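Asker: The structure that follows is given in the form of structure tokens.
The values are calculated or read from the model by the stated rules, or taken from the named source; none is laboratory data. Worth saying up front: this structure is predicted, and the values here are computed from it rather than measured. Cβ placement follows ideal geometry from the backbone for every residue including glycine, while neighbour counts extend to all protein chains displayed.
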Ligand SMILES: NC(=O)c1ccc[n+]([C@@H]2O[C@H](COP(=O)([O-])OP(=O)(O)OC[C@H]3O[C@@H](n4cnc5c(N)ncnc54)[C@H](O)[C@@H]3O)[C@@H](O)[C@H]2O)c1
């Protein structure tokens, strides 16, 4: 896989200036491409046609009312122009609608409309829409073509890449699912302009996580971009910077493409997240910040934090723990903290009881097959997976207190 510069090359596909293409290569010769750039929804139809072939007649555009209201018409028009008969299907907005019930409703709607094996499901929305539509595409007629048009930062840099699809059960998140790789991903970065600030912050935390665990340059790049964004905000500027640096939209598309290339690289190295692996190239390193992150979500009944915001706190907690265990230097911890600050303001966690957070990390362990593993940092750009037996509860509690200002 690689990040293909497409300054000129994408023009034929209707990719505008600054558009980028990332190729994802999977086992057995399979591959797909991710197009990233401002205004790319206009090219969704062409990209879908190129990916699914001429035999597809119909496209089922899956979205929710909010995203469809903003971008549905543009997406549908582009698909129609590429010769698809387009129907749209809207689900409720939010994690609580990512259920088997919603999936069943969509499956039945496809069945009753005679949707065929050669047709295509197209997801337009964030990770919730993408996961649910992908799961339906994986299971309807044992699998139909699937295309992602992600519209949140998290979906563009993370959930739309890698082929994980699924729904929640009352017993827990993402407990039912399938690996089903998309045929193409079309990430229109201009859709991020309407994203609520907290969703952006949550996405930036995940972006920083990518760099922190194994790509220092990507972390540096993400921080530099965010620093410039914060500068521009404080100057009230939205025009291109005067000094020849890329315009904000172009810089954003480049960074999102670099983030996708990173996720694609990790996925290519461990496509199905092998259970026995815990080396630092396994998909498990992407759980950095998640042990405490999940616990923070659980102790606040999933009401206070967006997932990425909880991961922001969780990364700082795991980094403080790494420093307290003598793995991470103080200035590296400070750099990680600076990155998280640049991502945006996180809801406070200082009122939460560290002992309760620790208990919640242990409850999470059941999901991980009885073993709790900490993803710790050796430096920004290099993570290591450590078994809980190497980490005492006393050090975890002290680290939580220091990281969250808690208790
Ligand atoms: N499959 C994977 O590999 C993977 C990886 C990470 C997360 N996920 C899943 O992703 C989900 C979270 O995704 P998310 O963070 O994108 O949340 P989301 O899909 O709930 O979207 C967040 C909110 O933003 C709105 N929205 C979407 N695009 C918008 C736009 N352009 N303008 C304005 N509003 C917009 C949505 O309607 C929603 O209210 C979770 O269910 C998580 O389990 C999956």
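Asker: So is residue 153 farther than 23 Å from residue 56 by Cα, crowded, with 24+ Cβ neighbours inside 10 Å and in contact with a helix residue (DSSP H, G or I) (Cβ under 6 Å, 6 or more places away or on another chain) or not?
Answerer: Yes; evaluated as a whole, the condition is true for this residue.
Asker: Sticking with this structure for a sec: Find the residue count for segment 50-95, including only residues that are within 11 Å of the ligand (Cβ to nearest atom) and touching a strand residue (DSSP E or B) at 6+ places or on another chain (Cβ under 8 Å).
Answerer: Matching residues across segment 50-95 total 11.
Asker: Residue 132 is checked against (1) buried (at least 24 other Cβ atoms within 10 Å of the Cβ); (2) over 25 Å from residue 41 (Cβ atoms) and fails just one. What number does that condition carry?
Answerer: Condition not satisfied by residue 132: (2).
Asker: Right, another one. Specify the residue that is farthest from the ligand (Cβ to nearest atom); the eligible residues are those in segment 125-134 that are part of a helix (DSSP H, G or I) and more than 23 Å from residue 54 (Cα to Cα).
Answerer: Checked segment 125-134; the qualifying residue farthest from the ligand (Cβ to nearest atom) is 132.
Rundown of residues vs (1) within 16 Å of the ligand (Cβ to nearest atom); (2) surrounded by fewer than 23 Cβ atoms within 10 Å (Cβ to Cβ); (3) at pLDDT below 95, yes/no style:
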position	(1), (2), (3)
197	yes, yes, no
200	yes, yes, no
222	no, no, no
235	no, yes, yes
240	no, yes, yes
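Asker: Here is a list of conditions, (1) in contact with a helix residue (DSSP H, G or I) (Cβ under 6 Å, 6 or more places away or on another chain); (2) crowded, with 21+ Cβ neighbours inside 10 Å; (3) at pLDDT below 95; (4) within 27 Å of residue 197 (Cβ to Cβ), and residue 298 meets all of them except one; can you say which number that is?
Answerer: All conditions pass for residue 298, except number (2).
Asker: Of all residues in segment 174-187, which are within 13 Å of the ligand (Cβ to nearest atom) and either crowded, with 24+ Cβ neighbours inside 10 Å or in contact (Cβ under 8 Å) with a residue 40 or more places away in the chain (or both)?
Answerer: Hits for segment 174-187 are 174, 176, 177, 178, 179, 180, 181, 182, 185, 187.
Asker: So residue 378 clears everything in (1) touching a residue at least 24 places away in the same chain (Cβ under 8 Å); (2) out of contact with any strand residue (DSSP E or B) (no Cβ under 6 Å at 6 or more places or on another chain); (3) over 18 Å from residue 207 (Cα atoms); (4) surrounded by fewer than 17 Cβ atoms within 10 Å (Cβ to Cβ) except one condition, right? Which one?
Answerer: (2)
Asker: Go through segment 58-97 and give me each residue that's part of a helix (DSSP H, G or I), within 13 Å of residue 191 (Cβ to Cβ) and in contact (Cβ under 8 Å) with a residue 40 or more places away in the chain.
Answerer: Within segment 58-97, 67, 68, 70, 71, 72, 75 qualify.
Asker: Search segment 296-322 for residues being free of Cβ contacts under 8 Å to residues at least 40 places away in the same chain and under 18 Å from residue 402 (Cα atoms), and hand back the single one that is farthest from the ligand (Cβ to nearest atom).
Answerer: That would be 314.
Asker: Would it be correct to say that residue 191 is crowded, with 22+ Cβ neighbours inside 10 Å and within 15 Å of the ligand (Cβ to nearest atom)?
Answerer: yes
Asker: Which of the residues that make up segment 135-171 are away from the ligand (no atom under 11 Å from the Cβ) and part of a strand (DSSP E or B)?
Answerer: Result: 145, 146, 147, 169.
Asker: Name the residue, out of 363, 319, 310, that is part of a helix (DSSP H, G or I) and touching a strand residue (DSSP E or B) at 6+ places or on another chain (Cβ under 8 Å).
Answerer: The conditions single out 319.
Asker: Looking at segment 103-124, is at least one residue in contact with a strand residue (DSSP E or B) (Cβ under 9 Å, 6 or more places away or on another chain), within 10 Å of the ligand (Cβ to nearest atom), closer than 28 Å to residue 286 by Cβ and in a loop (DSSP other than H, G, I, E, B)?
Answerer: No, there is no match, as no residue in segment 103-124 is in contact with a strand residue (DSSP E or B) (Cβ under 9 Å, 6 or more places away or on another chain), within 10 Å of the ligand (Cβ to nearest atom), closer than 28 Å to residue 286 by Cβ and in a loop (DSSP other than H, G, I, E, B).
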